[in-house]
Amino acid sequence: MAFQECWGGIALPPAPAYEGGPRVLEADAPEGSGADGWRFPAGGCRVSMAHGFMIGPGGEFGIDADRWTPLHASTGGWVEALALADHAGYWAKTITKIKGSAVEELDLDGFEPVSEVQGLADTWWRGKDSLIAVYRGEASGFDAPHCLRAHIYGGLDAWGLGGT
């Protein structure tokens, strides 16, 4: 009920990963058990997917693939990540998308985590003039390393890096 009161009915912009994410946040009947943790659906997918979006027992926002994979520590983290992707995508001079093993080769030295997104499987990193989003959810949830994704938003000024 708390989720529905706070987030229920909120329409979201498409996410840059996960085939756009859920269209509208909506709580549904819980699934799972007391032993492995209760989860409930977070809203319907934009397209037919091999996974669903769920809220975990600790309030985590994630996907229910071959196994439960929390993406962000809260729904607020997911929403912050969507807002940051929209902001960075608008202001970046370049956007580079990489996938698979190339993601593991990213050098994040000199980058700091963006704490507002409360990243678990998915994380954001802020550098001198760029932001990097790393999407590990599907790779982890399906045990499929080829599903790793990263988006590098380059050429950002102070406004583009954080809106300040």
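The values are calculated or read from the model by the stated rules, or taken from the named source; none is laboratory data. The model shown is predicted, which means the values in this text are computed figures rather than measured ones. Every residue, glycine as well, gets a Cβ built from its backbone with ideal geometry; the counts of neighbours run over all protein chains shown.
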TODO: Pick out the one residue from A92, A65, A83, A139 that is assigned by TED's automatic domain parsing to the domain that holds G37 and not aromatic (F, W, Y).
DONE: A65
Open item on the list: Could you check region 114-164 and list, in sequence order, the residues that are over 23 Å from R67 (Cβ atoms) and of a type in the set (A, V, I, L, M, F, W, C)?
Closed with: V114, W124, W125, L131, I132, I152, L156, A158, W159, L161
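Would you point out the residue of region 1-47, among those that are among the small types (G, A, S) and under 24 Å from A133 (Cβ atoms), that is modelled with the lowest pLDDT? Walk me through how you get there before you give the answer.
At the first step, the residues of region 1-47 found to be among the small types (G, A, S) are 2, 8-9, 11, 15, 17, 20-21, 27, 29, 32-35, 37, 42-44.
In the following step, the residues that additionally are under 24 Å from A133 (Cβ atoms) were identified as 11, 15, 17, 20-21, 42-44.
On the way: A11: 89, A15: 92, A17: 92, G20: 84, G21: 87, A42: 87, G43: 84, G44: 80.
Here the answer is G44.
So for region 74-84 (the condition being of a type in the set (S, T, N, Q) and in contact (Cβ under 8 Å) with a residue 24 or more places away in the chain), does at least one residue qualify?
yes
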TODO: State whether the residues of region 67-85 include one that is surrounded by 15 or more Cβ atoms within 10 Å (Cβ to Cβ), modelled with pLDDT under 90 and part of a helix (DSSP H, G or I).
DONE: no
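Considering region 114-135 alone, what residues qualify as being closer than 14 Å to A73 by Cα and free of Cβ contacts under 8 Å to residues at least 40 places away in the same chain? Reasoning before the result, please.
The initial filter retains those residues of region 114-135 that are closer than 14 Å to A73 by Cα, namely 114-124.
V114, S115, E116, T123, listed by residue number.
Of S140, S130, S48, which residue is small (G, A, S) and out of contact with any strand residue (DSSP E or B) (no Cβ under 6 Å at 6 or more places or on another chain)?
Details: S140 fails: out of contact with any strand residue (DSSP E or B) (no Cβ under 6 Å at 6 or more places or on another chain); S130 fails: out of contact with any strand residue (DSSP E or B) (no Cβ under 6 Å at 6 or more places or on another chain).
After ruling out the rest, the residue left standing is S48.
When you check L106 against the structure, is it touching a residue at least 40 places away in the same chain (Cβ under 8 Å), in contact with a strand residue (DSSP E or B) (Cβ under 8 Å, 6 or more places away or on another chain) and in a loop (DSSP other than H, G, I, E, B), yes or no?
So L106 fits the description; yes.
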Open item on the list: Could you go through region 31-42 and let me know if any residue there is surrounded by 20 or more Cβ atoms within 10 Å (Cβ to Cβ) and touching a residue at least 40 places away in the same chain (Cβ under 8 Å).
Closed with: no
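Hey, can you tell me all the residues within region 1-42 that are β-branched (V, I, T) and more than 16 Å from the chain's Cα centre (by Cα)?
Of region 1-42, the ones β-branched (V, I, T) are 10, 24.
Matches in region 1-42: I10 only.
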